[in-house]
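Quick notes on the structure that follows.
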Amino acid sequence: MSRIGKSPINIPTGIEVKLSDDNVVTVKGKLGELTEKIHNDITVEINEGIIEFKRPSDQKDHRALHGLSRALVNNMIVGVSEGFSTVQELVGVGYRANATGQVLELALGYSHPIVFELPNEIKVTTTTEKGKNPEIKLESIDKQLVGQVAAKIRSLRKPEPYKGKGIKFKGEVVRRKAGKSAKK
């Protein structure tokens, strides 16, 4: 049995969850509204502030969908109540980030600045302090969208293993390699 799929979700106060006939779950909270289509094989039951997910059999596909469906709805509830955020650091001399509206302009050591347009659902802030690496903070109610945009920004200049330069997540440890002088 899927341990994640079996555990029920408690609906916090101030969050409204609706289930339509075609298995579409809509979650509305103080930060916004999210909808997700749940697979037809998975049945969703909403009773007295608790959401439960049930599957028809123990087939591999049904077990996978069971846990996935529960995790998606749980992320929607957390998103509309608290929101999700991720922080990235720009490590390198001359690396800069500047956000104006939904446009993020990055200087990453290339011959030209990179202009990255963000979706409307994401709020971006950049901070630059003397003596510290510039940081990019992405915030949204959609966990999947925050992760996807953060991965796309990181792919513009991944951290390299010799000096550690590039875009990395806050707290990420970059495995470093010894250079050719250490080979002797």
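The condition (being of a type in the set (Ser, Thr, Tyr), closer than 30 Å to Glu45 by Cα and open to solvent by less than 30 Å² (accessible area, probe 1.4 Å)) is satisfied by just one residue among Ser69, Ser85: Ser69.
For the range 20-38, a tally of residues being over 23 Å from the mean Cα position of the chain (by Cα) and crowded, with 16+ Cβ neighbours inside 10 Å returns 1. Here's a check for you: in the range 135-184, which residue that is more than 17 Å from the chain's Cα centre (by Cα), open to solvent by less than 100 Å² (accessible area, probe 1.4 Å) and among the basic types (Lys, Arg) is farthest from Leu118 (Cα to Cα)? Within the range 135-184, the match that is farthest from Leu118 (Cα to Cα) is Lys165. Regarding Gln102, is this residue under 26 Å from Ile153 (Cα atoms) and touching a helix residue (DSSP H, G or I) at 6+ places or on another chain (Cβ under 8 Å)? Considered against the rule, which asks whether it is under 26 Å from Ile153 (Cα atoms) and touching a helix residue (DSSP H, G or I) at 6+ places or on another chain (Cβ under 8 Å), Gln102 comes out as no.
Please indicate, with yes or no, whether at least one residue in the range 105-114 is part of a loop (DSSP other than H, G, I, E, B), at pLDDT below 95, at positive phi and surrounded by 15 or more Cβ atoms within 10 Å (Cβ to Cβ). No, that holds for no residue.
Return the residue satisfying two criteria in turn: it lies in the range 88-104 and is part of a loop (DSSP other than H, G, I, E, B) and of a type in the set (Gly, Ala, Ser), and of such residues it is least open to solvent (accessible area, probe 1.4 Å). First the steps, then the outcome.
Of all residues in the range 88-104, those part of a loop (DSSP other than H, G, I, E, B) come to 92-95, 101-102.
Then keep just the ones that are of a type in the set (Gly, Ala, Ser); that gives 92, 94, 101.
On the way: Gly92: 24, Gly94: 45, Gly101: 58 Å².
Filtering the range 88-104 for residues that are part of a loop (DSSP other than H, G, I, E, B) and of a type in the set (Gly, Ala, Ser), the one least open to solvent (accessible area, probe 1.4 Å) comes out as Gly92.
The values are calculated or read from the model by the stated rules, or taken from the named source; none is laboratory data. Given the structure is predicted, the values throughout are model-derived calculations rather than measurements. Cβ: placed from backbone, ideal geometry, glycine included. Neighbour counts: every protein chain shown. Just the protein is used for accessible areas: all its heavy atoms, side chains included, with ligands, DNA and RNA removed. Shrake-Rupley method; radii C 1.70, N 1.55, O 1.52, S 1.80 Å.
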